[in-house]
Structures are given as structure tokens and as C-alpha cells.
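The values are calculated or read from the model by the stated rules, or taken from the named source; none is laboratory data. In this text, all values refer to a predicted model and were calculated from it rather than measured experimentally. No Cβ is skipped: glycine too gets one built from the backbone with ideal geometry, and neighbour counts run over all protein chains shown. Heads up: the accessible areas ignore ligands, DNA and RNA and are worked out on the full protein's heavy atoms, side chains in. Shrake-Rupley method; radii C 1.70, N 1.55, O 1.52, S 1.80 Å.
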Amino acid sequence: MIDAADLTLLSTGFRAAMEEPGDADRLDAALVELGWRELLADSPDEAVALVFPLLGATGAHAPLLNDVLLHALGRPPGGVVALAENGLAFGRPCVPAGGLDPALGLCRVEWRPLGEEAVAAGRRALGFQLVGAGRAMLELAREHALTRTQFGRRLASFQAVRHRLAETLVTLEAAEAALAHATDPTTSTLGKALAGRAGLAAARNCQQVLAGIGFTAEHRFQSFARRVLVLDDLLGSAKALAEDVGGSLLATRRAPRLIEL
Amino acid sequence: MRVEEFRTGLRAWLDEHDLSPVHDKSLDGDMAQLSRVRRALFDAGWMRWGWPEHAGGLGGPTILRAVLGEEVATRGLAEPGIYSLIEVLAPTLIRYGSPELLAFVPLLLSGEETWCQGFSEPGAGSDLASLTTRAVRDGAEWVIDGQKVWTSLAQYAQRCLLLARTSGPGHRGISAFLVDMDSPGVLVRPIETMHGVDEFAEVFFDGVRVPADRMIGAVGQGWEIAMSILPDERSSCFWHRVAHLYTRLDRLLAAAPAGSERALGEAFLDLHAIRSTSLRTQHRRARGEPLGAETSIDKILIASAEQRLFDTARDLLPGVVEYEESPWREEYLYSRAATIYGGTAEIQRNIVAKRLLSLGDE
């Protein structure tokens, strides 16, 4: 287990690497240098809770989800793992491809069933990334609301705007709290579903607050909005997971409490 | 006493001592049941854990009160709303009351007495600080004139934790009192509500004389006292209510038709969300961290979870609210109030915007 001081140090290093210009392969290599693989091997829960919110918040991409799945599968890091039966995977090397978010370098590889534990690990990681991206969008919209003036008033002074941003924070906090207790397949599924909800709510609300400028290609908002749509879909969208969870509830006819005081 | 030890002991005790409701489902019946449950839990010690020893408790971490409330709600031993009222009344007295006032706390914990909270007024709902009920000093007494509304259980209460204005306008002019409800000049009129349970009342104060030693805290400290209630309300009380809502989801699951997976899943996700943030709040409180604006997040989540749950019940059990005589109607209707009481959904979002997002003033 790693201590808090070391985590802070690593966090600073990881963030700096993610904020440097460059492509996914450079970042992938830089994170290996900074000790990502050792951290994942020693403290997988802390590693994921540290790195994936940063990926989300910075908007950077490196195909680290492969490592998380490989670790859960008991295989060495550095490879590529299909996320679904259609073979969709984060390419390594990362070759920008088509799709809504080309920077993710999604490709197709051979599918091998993942197993419950690996899916849970992947969902937890994607959940953290969604929350990070949601927080980044919220910060962009917040800054905009505090600086832009219309009708002689700051946007942030209008209650309709304030309530949208407040609602966004509420959904993000709910997701983050659930992910903090995501310790098994069921709680990880719920964490990912709440994070998907939060990411989509952040995109919807922040897009509205950012209005025209947020719709331009030059504003950073749109890259986060694209990303959360893809992240929500991978390993089960909020809606698909809600349906799965509802199916289990209906099968047992009892709602599990899952987390205890 | 540790949480695990407490829970295990409590469950074993409750398995042996059947406290299931024996009264009818009227409000009188619920109140009789509540007193019975509280008395039994107090005598056996369970109700005293988590409360300080100088107030008649047995000490131990506050979180034990949440564990007890969850067990009471999960087993359906008492209506959770009225059960949780002590969480907003007793801590206030313990924190601010003189030793003489502290002596009243065991009467509340043991179910011997019911108390009510005289805060809202016809002209002061969301804007509580504009309240106009006056308290004027007259020798060794205060004389109170004014009107309160939405006072839960006033018709059953022996005492009222009352906010009244002792000087000029605004927050600083407000003081808090513990008023005997049998004082001359107190008139209680229950309010008929849309869900059919008349647990709220209007309370009129007409020249009610209150001894000066019944002031809680100092002159002008009323607002601080009122605000200090929120963390109590939003930790233990919310945990109790969430536990209750899980039992209603269980009830819905027992009757839900095939094809309702998605709706049930969404309702469950809402409950898991508030349970997760509420757990975080309990732990913050247990570590002694001050609770503030972030509890508005819990308030928003619990209100929307409750409404979604009962909306889902109405969707999945067509006609159950409209035509059938079942608890779903009353509970569906009551859930409409979840975004109103304890600070409206709009006030909560104002707080989140200002305090947590630092968006400045409107």
C-alpha cells in the first residue's frame, strides 16, 4: 500500500505529463517512466482512483484502461484488450481513427471474454474518468458564467444558470461518492452508471451555459463532450447498466443495501 | 461501543423483543407505537447510545444513532419521519442548553414526551430569518406573541423549540426558547394535508409567558442555533429515511411486472447515490469535521430519490395511487413534499451555487 504523500507526488508528476503536448503514445511511455505500472501492481485501487480522474480532467488520452483490465485478468501490462464482443479496444500504439472522438484511437481486436472482476475494474476506471471530465466541463462553464456579461450582469448572477451548474455538481458528487465505495462488481457497476449519468448531465448543462462559444471547435468544451459520450458507452452506458441492475433486482425481488455504516 | 458490536447486539435484541406495530395506522396509532418503541429501546439502553452522558445518554459515537434508526426503519417499527424528529431537537438543547434544560432531554429520548419545532411562519417559509413572532422581556419572563405553521406533531407535543424575535430585524434579532405547550395562550390547530395525515399544525401564541431560564443559548443566538440543526438533520435523519426508502423499493420489487427493469434500476441508482453521499457525510461527522453547505447535496439527492421512487411505483403499478386503498397513495402524495420541507430544492441549489461553486451573489 502506498502512502498519501507518495500519491500526491505521483499525482503531480502524472498531471504534468498529461498536460504536456503530445500524442497518446508519448503519454503512455511517459507514464510508464513515472511508475504507473508499479503503482498499478502494488496498489491497483489507489492507482485507478488517482490516474483516471486526471485523464478525465486533463482530456489527455493514453490507453491505460488496457493495463487495468490486464491486471485484473492476471496478465502483464502493455497489451491491448477488447472491451466488447465487437472487439472494440484502445489501440496501442494509438492510431487516431474515425468515430466521435478520434483521439481515443479505438480499434478492433480479437474478443476474449473478460470475466466479472475485469469488467468491474474497467467500469470503476471509466467511472473515475467520466467524473474527471465532468468536473473539467463544470469548471469551464463556471469560469464562463463568472466572466461573461449580458444584460449588464454576469451570467453567474442568473438563477437559471446557477441551478444548472449546481445540479451538475450534485450528480458529480453522487458519482464520486459511489465510486469511492465501488469494491465489487455490483458497486462498480453502480458507480459507472452514476458516473455516466453525471458525465452526460455535465455535458448537457455546461453546453447550455457555455452556449455559442461552447459549440465552436476552438473551445475545449467540445472535446470533453465528445469524450464523455464514448466513455459512457464503453463497458455499459448509464442506461444499459440501469437496465441490467434492474434485471437483477427483479430476479431477487430485493434491493441490496451494499454499503454499511 | 463500536458500530459492528452495537449493530450485532441490537439486531439480536430486536429479534428477541418483538416491537412490531400493534396499533392501527392512524397518526394516533403511529404516535403510540413510537412512544412504545422509544420506551423499550431507552430502557434497554439502545436509544441512549450515541448521546452524551450529561444528557442522559451512554456516550459513544454519534453514528450509533444512525445505526439504530436504520434498524428501526428497516424493520418498520416506527414511522421514520416522526421517529427522526429527536435528531433535530435533542442535539440543539445539548449543544446550547443550560444544565437545567439538559435535564429535559431524557424525557424526549425515552418517549415520555413529544416535542415540536416552532420555526416556519405564514410569512417566513424559505426566508426563515424574516420571522415575526415576538418575545418581549417582562421581568423574569418573556412574553410571546405570534404564529407558527407547519409545526410537526404540535398537537401531541409537551414542549416546543421556538424561534422568536427578541430585537430588530434579520438573523441577529432571533432567539430560541423551550416553551411548555400547556402554557396559557398556546393554541394548536392541526392542518389538513393533501396526503391525509394531519401531522402538521398551526400554533398560535397569544401573550404566552415563558420563564427567562427557558431561553436556549443567549439572546440573539437563535439563528446560529437553528442553523446548527442542519448537520444533525442531514446525517442521522437522512440515513434513517434512506433506509425507509429501501424498504419501499423492496415493496415495489415484490409487485413489479416484467419489463420494468430499466425503471427499477434508475430508482435503485438514485437510492445508491444518496446512500453513498450520506455515508460520506456520516464519516465526516464522525471525524469531527464541521458539516456545512455540502449537506445540501445530500438534501437534493434524497428528495429527488424519494420522488423518483414513488413516481416509479405509480408508473409500474397502474391505478395503485388513483383507485386502490393502499399505502402507496399516501406515500406517493407525501413524497411530493420532499422537495419542499427542510429547505426547498431551489434553496438547496442556491446554497450549492453560492457556497460550493463560489458563483457570487445573484
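Return the total of residues in segment A:95-122 being over 29 Å from residue A:46 (Cβ atoms), charged (D, E, K, R) and outside any loop (DSSP other than H, G, I, E, B). Qualifying residue count, segment A:95-122: 1. Just need a number here: residues in segment B:50-81 that are closer than 18 Å to residue B:233 by Cα and within 13 Å of chain A (Cβ to nearest Cβ). Final tally of qualifying residues: 13.
For segment A:105-156, the candidate set comprises residues that are away from chain B (no Cβ under 14 Å) and touching a strand residue (DSSP E or B) at 6+ places or on another chain (Cβ under 8 Å); within that set, the residue that is least open to solvent (accessible area, probe 1.4 Å) is A:105.
Within the span defined as segment A:85-94, every residue fails to be in a helix (DSSP H, G or I), surrounded by fewer than 20 Cβ atoms within 10 Å (Cβ to Cβ) and in contact with a helix residue (DSSP H, G or I) (Cβ under 8 Å, 6 or more places away or on another chain). Looking at segment B:240-259 only, could you name the residues that are open to solvent by less than 10 Å² (accessible area, probe 1.4 Å) and either in contact with a Cys (Cβ under 7 Å, 6 or more places away or on another chain) or at the interface with chain A (Cβ under 7 Å from one of its Cβ atoms) (or both)? Result: B:246, B:249, B:253, B:256.
Taking the criterion of being under 14 Å from the mean Cα position of the chain (by Cα), among the polar types (S, T, N, Q) and over 24 Å from residue B:221 (Cβ atoms), the residues of segment B:82-114 that qualify are B:84, B:114.
Yes or no, residue by residue, for (1) open to solvent by 30 Å² or more (accessible area, probe 1.4 Å); (2) away from every other protein chain (no Cβ under 12 Å); (3) in contact with a strand residue (DSSP E or B) (Cβ under 8 Å, 6 or more places away or on another chain):
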position: A:165; (1), (2), (3): no, no, no
position: A:168; (1), (2), (3): no, no, no
position: A:180; (1), (2), (3): yes, no, no
position: A:187; (1), (2), (3): no, no, no
position: A:194; (1), (2), (3): no, no, no
position: A:198; (1), (2), (3): no, no, no
position: A:203; (1), (2), (3): no, yes, no
position: A:207; (1), (2), (3): yes, yes, no
position: A:216; (1), (2), (3): yes, yes, no
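When restricted to residues that are open to solvent by 80 Å² or more (accessible area, probe 1.4 Å) and either facing chain B (nearest Cβ under 7 Å) or among the hydroxyl-bearing types (Ser, Thr, Tyr) (or both), segment A:245-261 contains 3.
For segment B:107-132, a residue qualifies if it is open to solvent by less than 40 Å² (accessible area, probe 1.4 Å) and within 30 Å of residue B:54 (Cβ to Cβ), and the qualifying residues are B:108, B:109, B:110, B:111, B:113, B:114, B:115, B:116, B:118, B:119, B:128. Scanning segment B:157-180 for residues that are surrounded by fewer than 21 Cβ atoms within 10 Å (Cβ to Cβ), within 21 Å of the chain's Cα centre (by Cα) and not charged (D, E, K, R) yields a total of 1.
On the given criteria, is residue A:141 within 20 Å of the chain's Cα centre (by Cα) and within 30 Å of residue A:43 (Cα to Cα)? No, not satisfied.
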